[in-house]
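Peer 1: Dropping the structure in here first, questions after.
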Amino acid sequence: MTLKASDISDFQLSCVLFDLDGTLVDTAPDLVACLNQALKQHDLSAIDYQHIRPYISYGAMAMIRQAAPEINEARQQIILETMLNLYENNIAQHSRYFEGIEKTLTAIESKGLKWGVVTNKRERFTLPLMNALGLDMRAACIISGDTTAKSKPDPEPMLAACDQAQVAPQHCVYIGDACHDISAGKSAQMKTLAAVYGYLKSDDKPDEWGADGLIESPEQIMTWINETQCC
C-alpha cells in the first residue's frame, strides 16, 4: 500500500464508498462471457478474456469497441443491446467479491461506519447484482450511472450518495479502480483510494491520479482506515 503525503490529521471518517465493477465485485467473468456470446450471435470472433478485462471499468461499449474495432457504430450498438440483454439475465452467474472484500465490509460495519456504492453501471444491472450478492440491505447508499443526471467523473453522483447516506462528503473515502473514480471523489472533496487490484489498463498510471493512497488488495482498506483514524 502506498499512502500519499496529505493532511489527514483532522479527517474523521463516516462512510466508505466503493466503485462496483473492479473494486467491490469481480464482474469480469459474467461481462466477458456475455460479450463473447453476443459477438458469436452476430458472427464475430470471441475476444480473449485477459485482453478485454481492463476495459470493463469504461463500460460495455468500450469493451465492444476493443473487441470489434473494425465494425461501424451502428453495428456496435446492435451488439451492445444483445450483450446487455444477455447480461441482465445472467447478472451474477460467476461474479464474486474480490478476495478480502467480504471481511472488509464486516470490519467497516463493526467500526460503526457506513458504506455504499457509487457506480456508472446502470440501475437495471446495479440493483439486481447488489441483491444477488445480499448487499442491497447492508449498503447505506446505492447510486448508479443513471441515478443522477451526470455520472462519474462528475461529482454529482458522489454528492447524491452522501445525501442518501446522510453523511458529509468531507467525511467519506471513495475507492475505485479508474482515473474517473478518483477524479469524481476529489471533486466532491472526499478522500480517495485507487484500487490497483482492479481492472487497470497497461497504460494506466494510478500513482498520477492524485489519490490519497494506492491499495493492492481489499485488506489494505482497513489498514488505511485504521492508520487515518488512530488518533
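Peer 1: Return P(r) of segment 28-88 (all Cα-Cα pairs; 5 Å bins starting at 0; whole %; ordered from short to long distances).
Peer 2: With 5 Å bins starting at 0, P(r) equals 4, 22, 37, 28, 9, 0.
Peer 1: Express in nm, to one decimal, how much length is gained between residue 99 and residue 219 on full extension, taking 0.36 nm for each residue of separation and deducting their alpha carbon distance.
Peer 2: So the extension gain works out to 42.4 nm.
Peer 1: Given a Förster distance of 45 Å, report the FRET efficiency between residue 132 and residue 10 from their Cβ-Cβ distance, rounded to the nearest 0.05.
Peer 2: 0.70
Peer 1: So for 167, 16, fewest C-beta neighbours within 10 Å to most, what's the order?
Peer 2: Ascending number of Cβ neighbours within 10 Å: 167, 16.
Peer 1: Report which label in (i) 43, 22, 16; (ii) 50, 20, 11; (iii) 31, 18, 16 holds the value of semi-axes √(5λ) of the Cα gyration tensor in Å derived from the coordinates of this structure.
Peer 2: Answer by label: (iii).
Peer 1: Right, something else. Each label point is 7 Å from the Cα along the Cα-to-Cβ direction; what then is the distance between the points at residue 88 and residue 62, in nm?
Peer 2: It is 2.3 nm.
Peer 1: What ranking of 172, 141 emerges when the number of other C-beta atoms within 10 Å of each C-beta is taken as an exposure proxy, fewest first?
Peer 2: 141, 172
Peer 1: Please identify, among 110, 95, 187, the residue showing maximal mean-square fluctuation in a Gaussian network model of the chain using a 10 angstrom Cα cutoff.
Peer 2: 110
Peer 1: Still on this structure, please answer the following. Residue by residue through segment 106-111, which ³J(HN,Hα) values in whole Hz follow from phi under the Karplus form 6.51 cos²θ - 1.76 cosθ + 1.60 (θ = phi - 60°), with glycine and proline marked x?
Peer 2: Karplus values, whole Hz, x for Gly and Pro: 4, 5, 4, 5, 5, 7.
Peer 1: Given the rule -39500 (n - 2.57) for each run of at least 4 DSSP H residues, summed and divided by the residues of the chain, what is its mean residue ellipticity at 222 nm, to the nearest 500 deg cm²/dmol?
Peer 2: So the helix-based figure for the chain works out to -11500 deg cm²/dmol.
Peer 1: 5 Å is the cut-off here: which amide hydrogens, built 1.01 Å from N in the peptide plane, fall below it relative to residue 95, excluding neighbours closer than 5 in sequence?
Peer 2: 30
Peer 1: Okay, moving on. What are the semi-axes of the equivalent ellipsoid for segment 157-201, taken as the square roots of 5 times the Cα gyration tensor eigenvalues, largest first, in whole Å?
Peer 2: The answer is 20, 9, 9 Å, longest axis first.
Peer 1: For the chain, set up a GNM with springs between Cα atoms under 10 Å and report which of 73, 123, 156 has the largest fluctuation.
Peer 2: Comparing 73, 123, 156 in a Gaussian network model of the chain, the most mobile one is 73.
Peer 1: Same structure again: Tell me, what is the FRET efficiency for residue 77 and residue 106 to the nearest 0.05, using R0 = 41 angstrom and their Cβ-Cβ distance as r?
Peer 2: Efficiency, from the Cβ-Cβ distance: 0.50.
Peer 1: Of 50, 14, 143, whose Cα points farthest to the positive end of the dipole of segment 1-153 (charges on the beta-carbon: +1 Lys, Arg; -1 Asp, Glu; origin at the Cα centre)?
Peer 2: 14
Peer 1: Apply the a/c threshold of 1.5 to the C-alpha gyration tensor of segment 84-185 and tell me whether it is rounded, prolate or oblate.
Peer 2: Oblate, because a/c is 1.5 or more while a/b does not exceed b/c.
Peer 1: Going down the table (114/191; 114/205; 103/201; 150/205; 121/186), which pairs top 22 Å between alpha carbons?
Peer 2: 114/205; 103/201; 150/205
Peer 1: Also, quick follow-up: Got the relative contact order for segment 48-167 handy, in percent, Cα pairs under 8 Å and 6 or more residues apart?
Peer 2: The normalised contact order for segment 48-167 reaches 18 percent.
Peer 1: Here is a further query. Which of 30, 177, 19 moves the most in a Gaussian network model of the chain with Cα springs under 10 Å?
Peer 2: In the Gaussian network model the winner is 30.
Peer 1: Averaging sequence separations of C-alpha pairs under 8 Å and six or more residues apart, then dividing by the length of the chain, give the relative contact order as a whole percent.
Peer 2: 27
Peer 1: While we're here: Quick one: net charge of residue 81's neighbours, Cβ under 14 Å, K/R +1, D/E -1?
Peer 2: Surrounding charge for residue 81 is +1.
Peer 1: Something else about it: Could you work out how much longer the chain between residue 203 and residue 48 gets when fully extended? Use 0.36 nm per residue separation minus the Cα distance between them, nm to one decimal.
Peer 2: So the extension gain works out to 54.0 nm.
Each value in this text was obtained by applying a stated rule to the coordinates, not by laboratory testing. Everything numeric in this text was worked out from a predicted model, so none of it was measured. All Cβ positions, glycine included, derive from the backbone under ideal geometry; neighbour counts span all protein chains shown.
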